[in-house]
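Since the structure comes first, as structure tokens, the remarks are kept for the end.
The values are calculated or read from the model by the stated rules, or taken from the named source; none is laboratory data. All figures in this text were calculated on a predicted structure; none of them were measured in a lab. Cβ atoms come from the backbone with ideal geometry, glycine included; neighbour counts cover every protein chain shown.
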Amino acid sequence: MPFPVLKLLSPDEFRSGEAISSDLGISRASVHNRVEQARGLGVAIQAVRGKGYRLAERYSWLEPECLTAALAHSGYHVLVHEQVDSTNSLLLNLAQQGQPHKSILAAEWQAQGRGRRGRTWLAPLGSGLTFSLLWRFQRPLTALSGLSLAVGLALARGFRTLGIEAVELKWPNDVLLHGGKLAGILIETHGDMLSAATAVIGIGVNVRSAMAATDAMDFQPVAMEDALGDRLDRNEVLVRLLTQLDTVLKAFDQSGFAPFVDEWQRLHVWQNRPVRVISGGQRIMEGVALGVDAAGLLRLNTADGIRLVHSGEVSLRSGGAS
């Protein structure tokens, strides 16, 4: 991966290939190859003969030492990788090998990042945050209903601490901003029906403007910097989100989703609006979204009365959408 080269570059001045090769102990041809690799991953790099290379714009790379220090008071175990296939897949494997509760695994680049329904989460290098959180609950799998909604609410709280107020939530696990997709959630669990459950909570957040990630065409992607009009330190964004996740997940472990129902519904993008429920590409239900119950199930007012919709392979569409 090109990270050793990238971390020697800045937008402020050119750095020669010779100087980079000397610093890293690699050939100039290797420097050139890694620059080209970085460009292929979406990093804008300028090259001028006789001057060398520089970044076309400023990037914020993840800093493991800073993250560890900032999150020490919360008891997080921080792992940062330059490249993984999937943060969720890797952390699931580590969990089965005894990785401790509240481990966070963040990656600069996911080669096979996963979204819901088998989709791929695509993010240009340095454009967003892709991370997974291992949480060992005291409650069984049967008591984790509403977890994805609680996670979305924690993210919304975190975004507000950074000045992004207009966040909305889409049942069951998307975070929206001005009608675009700001963040997605993928939760994978293991355990049995009666004993304490383990969850790996995968989160993808669009940070950089005009370089947002997407896992579907349900919503066009939108980035945090679009809302703020300024560059962000991805390390600070990650710390803010994890701080809110810590608070919400502790409360969820104690009391489930019920205490969060009212707050979640205030942010529900389709609250009291006509919607359609789609599963497997087929329309299965229509009605007015009344919000959610204490278990996080969608309450839908249909022609046949109020129906409850479970999470899973279910999507919502605006009632007037095609």
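Elements of the type helices (runs of 4 or more DSSP H) sitting completely within the stretch 1-89 and holding at least 1 residues that are of a type in the set (F, W, Y): these cover 3-6.
When the residues of the stretch 221-232 are filtered to those that are closer than 22 Å to C66 by Cβ and in contact with a helix residue (DSSP H, G or I) (Cβ under 9 Å, 6 or more places away or on another chain), the one that is modelled with the lowest pLDDT is R231.
For the residues G163, G202, G158, G152, the requirement of being among the small types (G, A, S) and surrounded by fewer than 18 Cβ atoms within 10 Å (Cβ to Cβ) singles out G163. Taking the stretch 76-106 on its own, how many of its residues are in contact with a helix residue (DSSP H, G or I) (Cβ under 8 Å, 6 or more places away or on another chain) and surrounded by fewer than 18 Cβ atoms within 10 Å (Cβ to Cβ)? Final tally of qualifying residues: 2.
Quick one: which residue in A294, A251 is modelled with pLDDT of 95 or more, in a loop (DSSP other than H, G, I, E, B) and not hydroxyl-bearing (S, T, Y)? Step by step, each of A294, A251 is checked, and only A294 is modelled with pLDDT of 95 or more, in a loop (DSSP other than H, G, I, E, B) and not hydroxyl-bearing (S, T, Y).
To keep it simple, each residue is scored yes or no on (1) in a strand (DSSP E or B); (2) among the β-branched types (V, I, T); (3) in contact with a Phe, Trp or Tyr (Cβ under 6 Å, 6 or more places away or on another chain); (4) closer than 22 Å to H310 by Cα.
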residue	(1), (2), (3), (4)
E165	no, no, no, no
F219	no, no, no, yes
D230	no, no, no, no
D246	no, no, no, no
V261	no, yes, no, yes
